Amino acid sequence: MIAWLQDVLERLAAWWRGDLRVFHAEGDTLPPEIPHKRLIHMIEDGVSWSVGFTCPCGCGDVIELLLLRAVEPHWSLSVDRFGRPTLHPSVWKKTGCKSHFWLRSGRIVWAEPRPGRT
């Protein structure tokens, strides 16, 4: 009973904070639109292909990261029991807003200093 209640409270806290959630999709191409606070995990023939999400800085750019180990660079994705994603290594946009952050348990952890902020 206590474990069940902790599970419910953790899910409510994640919803309240607005953590990113993983949605799985079949194929190797991201959909044309990605809803806010959603990470789309593309899977083709049982192989994790890529993930895509909108940049958390608010610039509106879509970030697509490859998960295939045969390519460089590539990222690894893990998903906890609440559907919250963690990516490794960090995400660092070299163009545009130049955001640099980690995605840990559905939450953005900004590298310092945050782009566009002083």
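Every read-out reported here was derived from the displayed coordinates using simple, explicitly stated rules and does not represent laboratory data. Note that the structure is a prediction, hence the values are computed from the model and not measured. Here the Cβ positions follow ideal geometry from the backbone for every residue, glycine too, while neighbour counts run over all protein chains shown.
Sorting Leu39, Leu68 from the fewest to the most surrounding beta carbons within 10 angstrom yields Leu68, Leu39. Taking the number of Cβ atoms within 10 Å of each Cβ as an exposure proxy, the fewest-first ranking of Met1, Met42 is Met1, Met42. Express in whole angstrom the spacing between the alpha-carbon centres of segment 62-113 and segment 16-58. Each part's Cα centre sits 11 Å from the other's. Rounded to whole numbers, the Karplus 3J(HN,Hα) couplings from phi for segment 42-47 are 8, 10, 10, 6, x, 9 Hz, using 6.51 cos²θ - 1.76 cosθ + 1.60 with θ = phi - 60°, and x at Gly and Pro. For Leu67, nonlocal amide neighbours, meaning residues 5 or more places apart or on other chains whose placed amide H falls under 5 Å from its own, are Ser50, Val51, Trp75. Within the straight-line cut-off of under 17 Å between alpha carbons, the aspartates and glutamates reachable from Lys98 are Asp61, Glu64, Glu112, sequence neighbours fewer than 8 places apart in one chain being disregarded. Listed from fewest to most Cβ neighbours within 10 Å, the set Phe23, Phe53, Phe82 follows the order Phe23, Phe82, Phe53. Residues whose amide H falls under 5 Å from that of Ala111, counting only those 5 or more places apart or on a different chain, are His100, Phe101, Trp102, with hydrogens built in the peptide plane.
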